[in-house]
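Enquirer: This is the structure, below, for whatever I ask next.
None of the figures in this text is laboratory data; all of them are computed from the coordinates on show. Nothing here was measured: the structure is a model prediction, and the numbers come from that model. Glycine also receives a Cβ, built like all others from the backbone with ideal geometry; neighbour counts cover every protein chain displayed.
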């Protein structure tokens, strides 16, 4: 039985090489990505067992998604296969200052948007698991997906399985008001909330003078055990400062700050979630924060959504590894 269960959509990602605009493209690089799958991959790379639950169309694109998940070490046994709907696509244009990178979605009527409560046998799937993870992207896909998210969280709570939710607000999927209503309704079923200061304001209208104050307000409003906030400083499109804090019962946990040169930032937040869960499974929030930030810092250097990183590389970075060529 996998230690961690994640639930959500994965899409085919297409991007023009060499910083081209889509209108200039003559070829496209192909990757697979989706927030919860990315987190499952990160956990598998750290040596955990992880399963990803989704609904995929039974065609070559659906098989491509499942195949790449398995290649990365993720259990796909509980995917719901269907002849309906489609596999979503998204297109990424990589920018350079002053032009920011951008994403164009083509995911309407994807197979998972058609999911309904009662389709996934959650009680069976979470039995024996040690963690359940989902993001705010999944309930944003449709009312059915939102109700299925609630069903999954309720099954995890009933089975005594800790849960984490990455707020992950997407303005192209739903309004702030819709997100606020749905996500607030899930907080009673959430142990660990992962967010950013910006998403917290958009979804819950919570602001503060400091990140620590924002975390404390979240924990005051909702019955959360832990609030983790990732902090990105954005001086340049391709160079950022990257760190995070965590709040638990009035204590603030901190970790080191990394200067990251960005090859591909997509999936970095999902890698953070993987490292955080990894530490929490060992009962160590500080380890989770340290590994989450280190794993996600490394992810910035890797093309694609998946964190193709080994535990040894994370440990070396945590120990202050340098940038000389490894020979």
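Enquirer: Mind jotting down the distance between the C-alpha centroids of the stretch 255-285 and the stretch 168-226, whole Å?
Expert: 19 Å
Enquirer: Kirkwood Rh over Cα pairs of the stretch 189-319 into Stokes-Einstein at 4 °C, 1.567 mPa s: D in µm²/s?
Expert: 87 µm²/s
Enquirer: If you look at just the Cα atoms of the stretch 211-266, how large are its Rg and its Dmax in Å?
Expert: Cα-based Rg and Dmax for the stretch 211-266 come out at 13.5, 38 Å.
Enquirer: Which order do the peptides 298-305, 200-207 come out in when sorted by mean C-beta neighbours inside 10 angstrom, highest first?
Expert: Per-residue mean Cβ counts within 10 Å order the peptides as 298-305, 200-207.
Enquirer: Sum -39500 (n - 2.57) across every DSSP H segment of at least 4 residues in the chain, then divide by the residue count to get the 222 nm mean residue ellipticity, nearest 500.
Expert: -10500 deg cm²/dmol
Enquirer: I'd like to know how the stretch 1-139 sits against the 2.2 N^0.38 Å rule of thumb: what's its Cα Rg over that expected value?
Expert: Relative to the 2.2 N^0.38 Å estimate, the stretch 1-139 comes out at 1.11.
Enquirer: In addition: First obtain the Kirkwood hydrodynamic radius of the stretch 78-237 from its Cα pairs, then insert it into the Stokes-Einstein equation at 25 °C and 0.890 mPa s, and state the resulting D in µm² per second as a whole number.
Expert: The Stokes-Einstein estimate is 143 µm²/s.
Enquirer: Which order do 134, 293, 30 fall in if you start with the one that has the fewest other Cβ atoms within 10 Å? Write out the running numbers ahead of the final one.
Expert: Numbers: 134 27, 293 30, 30 12.
By the 10 Å Cβ count, ascending, the order reads 30, 134, 293.
Enquirer: Still on this structure, I have one more. So if the hydrodynamic radius of the chain is defined as the Kirkwood radius over C-alpha pairs, what does Stokes-Einstein give as its diffusion coefficient at 20 °C and 1.002 mPa s, in µm² per second? Walk me through the intermediate numbers first.
Expert: Numbers: Rh = 19.8 Å.
In µm²/s, the coefficient is 108.
Enquirer: Cut-off is 10 Å between beta-carbons; in what order do 131, 291, 238 appear when sorted fewest neighbours first?
Expert: Fewest to most other Cβ atoms nearby, the residues stand as 238, 131, 291.
Enquirer: To check my understanding: the extent here is largest minus smallest coordinate of the Cα atoms along each principal axis. What are those three numbers for the stretch 167-233, in Å, largest first?
Expert: Projected onto the principal axes, the Cα atoms of the stretch 167-233 cover 30, 28, 15 Å.
Enquirer: When DSSP beta bridges are limited to those with both residues in the chain, what percentage is antiparallel, rounded to the nearest 5? Walk me through the numbers on the way to the answer.
Expert: Working: 26 of 52 bridges.
Counting DSSP beta bridges with both partners in the chain, the antiparallel share is about 50 percent.
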